[in-house]
Amino acid sequence: MDLSKILSIAGKPGLYKLAGEAKNNLVVESLTDGKRMPAFAHERVSSLQEISIYTTGEDLPFHDALKKIYDMTGGQPVENPKKMSSDRLKELFKKAIPDYDEDSVYVSDMKKAFTWYNILLEKEMLDFSEEEKEEKPEEKPAAEKEKQTADDKE
């Protein structure tokens, strides 16, 4: 999953996909309604690849936070974060990311994280299958193992 082309624009709701570049701006497409519009240099545009969550240890890349939320929910959407109480948001966030820094991560950040997760899930842009393949060590076929042990004995 490549989050480098998924953008957040300060002051504008939702997420945007980078559609192109012009001389003085970026052309972005809203993931919610598909409308294209310019994003100018004076607007704070952040790629989701650059965003991280404060934790008590090292900062957690947003990609990893999305994976933890995905695992917590079993691949299901989170109930509407905008209608959740602050306590419920904190409880869910703590369940997904137990070591988040409670002093630095605000309820509004949690709400955004869950909202963005829901948008990406709805648009089928969350694909963690690549990481699962990378995490599992490659096993040698049985014939190779037998050959290797035979070579070791000689």
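The values are calculated or read from the model by the stated rules, or taken from the named source; none is laboratory data. On a predicted model such as this, the values are computed, not experimentally measured, just so you know. Virtual Cβ from ideal backbone geometry, glycine too; neighbours counted across all protein chains shown.
Restricting Lys35, Lys83 to those that are farther than 29 Å from Asp103 by Cα and not aliphatic (A, V, I, L, M) reduces the list to Lys35. Count of the stretch 29-50 residues, restricted to those that are among the aliphatic types (A, V, I, L, M) and under 17 Å from Asn118 (Cα atoms), is 2. The residue pairs whose first member lies in the stretch 1-28 and is farther than 21 Å from Thr115 by Cβ, whose second member is modelled with pLDDT under 95 and part of a loop (DSSP other than H, G, I, E, B), and whose beta carbons are closer than 8 Å, counting only pairs six or more residues apart or on different chains, are Asn24/Ala41; Asn25/Ala41.
Residues checked against (1) charged (D, E, K, R); (2) farther than 22 Å from Ala19 by Cβ; (3) modelled with pLDDT of 95 or more:
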| position | (1), (2), (3) |
| --- | --- |
| Asp33 | yes, no, no |
| Gly75 | no, yes, no |
| Lys82 | yes, yes, no |
| Leu89 | no, yes, yes |
| Leu120 | no, no, yes |
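Among residues of the stretch 35-50 being aliphatic (A, V, I, L, M) and out of contact with any helix residue (DSSP H, G or I) (no Cβ under 7 Å at 6 or more places or on another chain), the one that is modelled with the lowest pLDDT is Ala41. With the structure loaded, tell me whether Val28 is among the β-branched types (Val, Ile, Thr), assigned by TED's automatic domain parsing to the domain that holds Phe128 and at pLDDT 95 or above or whether it fails that test. Taking the combined requirement at face value, the residue does not satisfy it. When the residues of the stretch 1-13 are narrowed to those that are more than 14 Å from the chain's Cα centre (by Cα) and assigned to a loop (DSSP other than H, G, I, E, B), which ends up surrounded by the fewest Cβ atoms within 10 Å (Cβ to Cβ)? So, considering only residues that are more than 14 Å from the chain's Cα centre (by Cα) and assigned to a loop (DSSP other than H, G, I, E, B), the one surrounded by the fewest Cβ atoms within 10 Å (Cβ to Cβ) is Gly11. If you go through the stretch 41-55 and keep only what is under 11 Å from Val105 (Cα atoms) and of a type in the set (Ser, Thr, Tyr), you end up with Ser52, Tyr54, Thr55.
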